[in-house]
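This report concerns only the one structure given below.
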Amino acid sequence: MKSLANSFSLALLIAWKMQVSHRGKMLASTVGVAAGFFLTMAQVGMMMGWIDTSTLAIQRAKVDLWVVGMKSPAFDYGSPIPRQRLYQARSVEGVAEAHPLFMAWTIWSRDDGRKVNIEMIGLDHSLAGGPTRMLEGDLRSVMREKCVVVDSMYLELLGVTHVGQRAEILGRRAEVTGISEGVRTFTASPFVFTSIEEAIHYDKRYRADEITYVLVRCEEGADVKVVAERLRVRLPSVEVLTKREFQWRSGEYWMIGTGIGFTVIVTAVLGLIIGALVISQTLFSLLQDHRPHYATMLALGFETGLLGKVVFLQSLF
């Protein structure tokens, strides 16, 4: 054991001495590897941030299960389902609560005439799926007729300067009665919150007996997967997804289905390749430079295993 430790210490000393004897090459290789590493990490971090942003609406709801239209690719592109699915879900064993949620794209008209695409979110009295933090006003104000809540991040885009300001959504008046905080969207189109009834009036494509999602909270101690299977049996023509499954589907759609993530992945791989090429070229150059030294060491009786350790430690440096 002692001889093994001494062998390693000797290899470490030799590797370091050889490495620092070519400071220029060592600096160049360090810069190259660092550039490749940070390029890769930046792209991976960007992609993880995008995935997180694209699933924020699902995270914010804080429910166990989502009842969605068949083949709905992401939260932002749900399809109408009968409101009857809500009442059916409430009757399933293991379901503690079930609430409806409306989501559809529509157009916001600013005072200056500019049109802005928005994602209209309709809430019921439980406010499930709504913003968790308010800067001004009360979220419950959306239960009043023609009242909406917008997020502080998109005030400039929507042309909103204060609570009480009025705008139009597809020709129907809307009054801003609250400003939320921290409601980001991946699409850059703002979320605008109102009641389900008002959202249907604003959208004009849904029927009064249709919603987009059913949000399900399971009873304490209930097995979420078992409850999900019961819902699948009880509810026809819809899909029942766990929170994690719906997050995965939404992230997969935006990153892979739309091709957005492909460029990030390619750039990250290129960063890894650049780093690997720099390391391999630097090691090859060092080996060529130190060939006389290795020959001398072998002539002095050093074992080939020790030389292998030296090369390995140089690569780690």
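The values are calculated or read from the model by the stated rules, or taken from the named source; none is laboratory data. Since the model is a prediction, treat every value here as computed from it, not as a measurement. Please note: Cβ atoms are built from the backbone with ideal geometry, for glycine as well, and neighbour counts cover all protein chains shown. To get the accessible areas, we keep the full protein, side chains included, count just its heavy atoms, and leave off ligands, DNA and RNA. Shrake-Rupley method; radii C 1.70, N 1.55, O 1.52, S 1.80 Å.
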Verdict on residue 66 being assigned to a strand (DSSP E or B), buried (at least 23 other Cβ atoms within 10 Å of the Cβ) and of a type in the set (Phe, Trp, Tyr)
yes
So, of the residues in region 122-146 that are part of a loop (DSSP other than H, G, I, E, B) and on the phi > 0 side of the Ramachandran plot, which turns out to be most open to solvent (accessible area, probe 1.4 Å)?
146
Which condition number does residue 206 fail, the rest of (1) among the hydroxyl-bearing types (Ser, Thr, Tyr); (2) part of a helix (DSSP H, G or I); (3) surrounded by 15 or more Cβ atoms within 10 Å (Cβ to Cβ) being met?
(2)
What about residue 116, is it within 23 Å of the chain's Cα centre (by Cα) and either loosely packed, with under 15 Cβ neighbours inside 10 Å or part of a strand (DSSP E or B) (or both)?
no
Would you mind stating whether residue 183 is surrounded by 18 or more Cβ atoms within 10 Å (Cβ to Cβ) and assigned to a strand (DSSP E or B)?
no
Taking residue 307 as the residue in question, decide whether it is more than 22 Å from the chain's Cα centre (by Cα), assigned to a helix (DSSP H, G or I) and surrounded by 15 or more Cβ atoms within 10 Å (Cβ to Cβ).
yes
Give the residues of region 232-241 that are in contact with a Gly (Cβ under 9 Å, 6 or more places away or on another chain) and surrounded by 20 or more Cβ atoms within 10 Å (Cβ to Cβ), sorted by residue number.
238
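Go through region 69-91 and give me each residue that's assigned to a loop (DSSP other than H, G, I, E, B) and crowded, with 19+ Cβ neighbours inside 10 Å.
Taking region 69-91 as the starting set, the residues that turn out to be assigned to a loop (DSSP other than H, G, I, E, B) are 70-74, 78-80, 83, 91.
The answer is 72, 74, 78.
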Quick one: count up the residues across region 147-164 that are on the phi < 0 side of the Ramachandran plot and open to solvent by 20 Å² or more (accessible area, probe 1.4 Å).
9
